Amino acid sequence: MSQLDHRLSGIYAEVLQRNPGETEFHQAVHEVLDSLGPVVSKHPEYTDAAVIRRLCEPERQIIFRVPWVDDSGAVQINRGFRVEFNSALGPYKGGLRFHPSVYLGIVKFLGFEQIFKNALTGMPIGGGKGGSDFDPRGRSDGEVMRFCQSFMTELYRHLGEHTDVPAGDTGVGRRELGYLFGQYKRITNRYESGVLTGKGLSWGGSQVRREATGYGVVFFVDEILRAGGDSFDGKRVVVSGAGNVAIYAVEKVHELGGTVVACSDSSGYVVDEKGIDLDLLKDVKESRRGRIEDYAQARGEHAQYVAGRSVWDVPCDIALPCATQNELDHDAAATLVRNGCRIVAEGANMPTTPDAVRLLAEAGVAFAPGKAANAGGVATSALEMQQNASRDSWSFELTEERLAAIMRGIHERCLVTADEYGAPGNYVAGANIAGFIQVADAMLALGLV
Ligand code: NAP
């Protein structure tokens with residue numbers, strides 16, 4: 001990891017000491033602090049009021065037992081988390097992740113990132129994140145429902161449209177959100193639509209929310225291309241993952257004239273030189289909850305399935321990591337550069353390791369960090385909250401237009417801020433600094449809370 005400014009290295013040492021073993025959280029904090037040297041030089045008031053130290057400590061952390069009964073009648077115990085990180089800009093906002101890898105360090109890294117991402121959207125939302133080490137894969141609908149009901153039976157007391165508003169994330173889609181909202185409604189006897197986002201369209205959801213993160217990443221890349229006088233036309237794109245973010249990234253790339261030639265899941269990847277067949281991918285992943293290998297089998301001779309290898313071996317012009325944290329490492333970045341990749345944009349949260357980010361920068365590859373590039377999901381969640389508050393629902397076209405404008409705005413803000421702080425063209429610096437300043441100014445205004 002790179003050397004931090006001397007005014008920030010003490011803060012980082014304190015984070016390490018206070019949060020032992022939480023390596024992903026350490027990594028996320030380091031990445032932000034790494035950009036803030038020029039900011040603390042220009043604004044000593046942030047250091048004087050201990051704004052950065054306060055930002056690194058969540059406002060509230062909730063850890064709870066989630067007991068439930070599986071289909072065989074056996075009692076299962078999972079652990080639930082909600083980290084309410086920062087509410088200077090609005091109610092805590094951020095998704096719930098259900099995955100066996102979830103522990104406090106993952107939830108804190110995601111919650112920390114979420115503060116700056118939400119600030120960048122320009123919407124009035126604070127940062128938080130939650131989840132459980134429950135694995136929905138291979139579980140029946142009944143098991144998932146019983147787990148979600150037990151999870152919400154504890155979590156509901158911490159939520160509210162003006163307090164804390166969760167959404168989905170890895171392992172939490174419409175099915176899970178439906179069960180969670182149903183239980184919230186039952187316990188509180190309130191149809192409080194604004195308490196969760198990512199809802200189904202028939203029960204208070206917003207058009208484009210399902211598509212928003214994937215579409216948003218592609219809109220962001222489109223801005224990078226336009227800034228260089230280029231477009232998606234004829235571009236070869238590789239996407240990792242085959243979940244919510246990946247599927248709608250594929251959809252928008254194809255709409256804009258590019259071709260996605262590979263995607264993956266945690267077992268392997270598929271190369272489809274004619275372009276990923278989106279209808280088939282949706283059928284396999286969304287309707288049948290199948291594997292990428294099933295897609296390859298159904299696609300026949302067009303597709304080649306490769307088990308247990310890195311999707312980043314596939315040559316491309318643009319790489320969109322949309323699966324999970326630290327999935328694109330130094331070796332993968334070196335392969336991408338060797339194969340002529342020009343743009344990497346993060347659909348997932350922190351999928352690129354710090355040494356890979358450095359290597360890409362040195363090679364002149366445009367790199368869009370997740371807190372800017374994947375902010376379209378949470379931005380559209382905020383649009384869902386707006387619609388819920390006014391009991392309105394907007395058309396797909398209007399909502400997509402709003403999303404595209406928000407992504408253009410984030411892109412512009414990153415570039416202007418990077419320029420202002422002496423790092424022209426550096427989206428990482430631009431995103432970290434612009435997000436930080438927005439939250440830091442609000443924290444200063446609100447006093448020591
Ligand atoms: P999802 O629907 O659960 O899909 C995750 C996908 O990633 C699955 O296909 C999964 O495959 C794959 N995956 C997981 N670990 C992998 C690995 N080590 N190698 C290759 N593929 C792997 O989740 P999602 O909502 O798309 O979220 C994906 C990422 O985007 C996460 O980092 C999330 O935090 C971030 N994000 C999501 C949103 C949103 O609105 N959903 C917004 C902002 C950021 P398996 O089925 O094999 O596990």
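Before moving on, here are some points about what is shown:
- For region 89-101, taking the residues that are within 11 Å of the ligand (Cβ to nearest atom) and of a type in the set (A, V, I, L, M, F, W, C), the one that is farthest from Ser381 (Cα to Cα) is identified as Phe98.
- Within region 300-320, the set of residues being free of Cβ contacts under 8 Å to residues at least 60 places away in the same chain and more than 11 Å from the ligand (Cβ to nearest atom) comprises Gly300, Glu301, His302, Ala303, Gln304, Tyr305, Val306, Ala307, Asp313.
- Positions within region 215-251 being within 16 Å of the ligand (Cβ to nearest atom) and either outside the structural domain of Leu328 (by TED's automatic domain parsing) or aromatic (Phe, Trp, Tyr) (or both), in sequence order: Tyr215, Phe219, Phe220, Tyr248
- Check on Gln438, out of contact with any helix residue (DSSP H, G or I) (no Cβ under 6 Å at 6 or more places or on another chain) and part of a helix (DSSP H, G or I): no
- Selection from region 336-352 of residues that are outside any strand (DSSP E or B), touching a strand residue (DSSP E or B) at 6+ places or on another chain (Cβ under 8 Å) and within 13 Å of the ligand (Cβ to nearest atom): Glu346, Gly347, Ala348, Pro351
- Looking only at residues of region 163-207 that are buried (at least 20 other Cβ atoms within 10 Å of the Cβ) and β-branched (Val, Ile, Thr), we find that the one that is nearest to the ligand (Cβ to nearest atom) is Thr170.
- For region 252-292, the tally of residues that are more than 22 Å from the chain's Cα centre (by Cα) and aromatic (Phe, Trp, Tyr) stands at 0.
Each row is one residue, and each column tells you yes or no for (1) surrounded by fewer than 24 Cβ atoms within 10 Å (Cβ to Cβ); (2) under 20 Å from Asp34 (Cα atoms).
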| position | (1), (2) |
| --- | --- |
| Ala345 | no, yes |
| Pro354 | yes, yes |
| Val357 | yes, yes |
| Val365 | yes, yes |
| Ala368 | no, yes |
| Ala372 | no, yes |
| Gly377 | no, no |
| Thr380 | no, no |
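- Residue in region 19-31 that is surrounded by 21 or more Cβ atoms within 10 Å (Cβ to Cβ) and under 20 Å from Val449 (Cα atoms) present: no
- Subset tally (residues that are buried (at least 20 other Cβ atoms within 10 Å of the Cβ) and either more than 14 Å from the ligand (Cβ to nearest atom) or not in a strand (DSSP E or B) (or both)) for region 103-135: 20
- Each residue in region 353-370 was checked for being touching a residue at least 40 places away in the same chain (Cβ under 8 Å), away from the ligand (no atom under 16 Å from the Cβ) and part of a loop (DSSP other than H, G, I, E, B), and 0 pass.
- Summed over region 47-79, residues that are farther than 21 Å from Gly94 by Cβ, under 27 Å from the mean Cα position of the chain (by Cα) and part of a helix (DSSP H, G or I) total 1.
- Candidate set from region 136-153 (those that are within 16 Å of the ligand (Cβ to nearest atom) and assigned to a helix (DSSP H, G or I)); member that is surrounded by the fewest Cβ atoms within 10 Å (Cβ to Cβ): Val144
- Verdict on Glu211 being within 15 Å of the ligand (Cβ to nearest atom), among the acidic types (Asp, Glu), at pLDDT 95 or above and more than 17 Å from the chain's Cα centre (by Cα): no
- Residue check, Arg338 on the phi < 0 side of the Ramachandran plot and surrounded by fewer than 17 Cβ atoms within 10 Å (Cβ to Cβ): yes
- Within region 266-299, restricting attention to residues that are surrounded by 19 or more Cβ atoms within 10 Å (Cβ to Cβ) and more than 15 Å from the ligand (Cβ to nearest atom), the residue that is nearest to Asn326 (Cα to Cα) is Asp272.
The values are calculated or read from the model by the stated rules, or taken from the named source; none is laboratory data. None of the values given here were measured: they were computed from a predicted structure. With ideal geometry, Cβ positions are generated from the backbone for all residues, glycine too; neighbour counts draw on all protein chains shown.
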